[in-house]
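Colleague: To start, I am sharing the structure in question, which I have written as structure tokens.
The values are calculated or read from the model by the stated rules, or taken from the named source; none is laboratory data. Here the structure is a predicted model, which is why all the values come from computation and not from measurement. Just so you know, the surface numbers come from the protein's heavy atoms only, side chains and all, with ligands and any DNA or RNA stripped out. Shrake-Rupley method; radii C 1.70, N 1.55, O 1.52, S 1.80 Å.
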Amino acid sequence: GQFGHGAQNKHIPEWLMVAPLDLQAEFLRGYFIGDGYIHPDSFQAVTVSRKLAYQLRDMLLRFGIMSGVYHRKPRVVTFPKSKKPSKTKPSYVVRVGGPSLERMSAVMQTQHHFMKVRKCSERRGLVQEGFGKVRGMFIPIRKVESINYDDFVYNLEMPEPHTFCLASG
């Protein structure tokens, strides 16, 4: 099908990656309801498809929602019914929390309970300075193309040193 065959090969087709935001919101809501869960401080979804995880991250960015993609290594688990140890596949967790909870709550058409806790903490002065301020996102370059372009070009540069690293990659 259009979304790939087998869990490890799942992906979002190009037409959906560039679809209008209202259609993408429906897709994201359905995906997070089906393969996601509400963590105490975030919305999270899990997939064994690396490509799908990063496509979800990119789609969320269209809504101004910053997310992290975390790689989970295979591990041995024992399920209560079978009592046999079983090895899991490597998986990817797409996590939306912090400053993006409010926007993600709007997409999910629900309010994450942590937002209520955070608002209460803000009133009490318990939230750290700078909480909720988005400063940037690292996205790897996947391809370079030459195009004819006649408009402004911007150079975003950091002060010395010219490199930096974020917890998300």
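Colleague: Going by the structure shown, is Gln24 open to solvent by less than 70 Å² (accessible area, probe 1.4 Å), of a type outside the set (Ser, Thr, Tyr), modelled with pLDDT of 90 or more and over 17 Å from Ala7 (Cα atoms)?
Modeller: yes
Colleague: OK, next. Name the residue, out of Phe43, Phe79, that is open to solvent by less than 40 Å² (accessible area, probe 1.4 Å) and either modelled with pLDDT of 85 or more or not β-branched (Val, Ile, Thr) (or both).
Modeller: Just one listed residue meets the conditions, Phe43.
Colleague: Out of Tyr54, Tyr70, I need the residue that is under 21 Å from Gln8 (Cα atoms) and open to solvent by less than 80 Å² (accessible area, probe 1.4 Å). Which one?
Modeller: Among Tyr54, Tyr70, only Tyr54 is under 21 Å from Gln8 (Cα atoms) and open to solvent by less than 80 Å² (accessible area, probe 1.4 Å).
Colleague: With under 25 Å from the mean Cα position of the chain (by Cα), at pLDDT below 75 and of a type in the set (A, V, I, L, M, F, W, C) as the only criterion, which of Val96, Val134 stands out?
Modeller: Step by step, each of Val96, Val134 is checked, and only Val134 is under 25 Å from the mean Cα position of the chain (by Cα), at pLDDT below 75 and of a type in the set (A, V, I, L, M, F, W, C).
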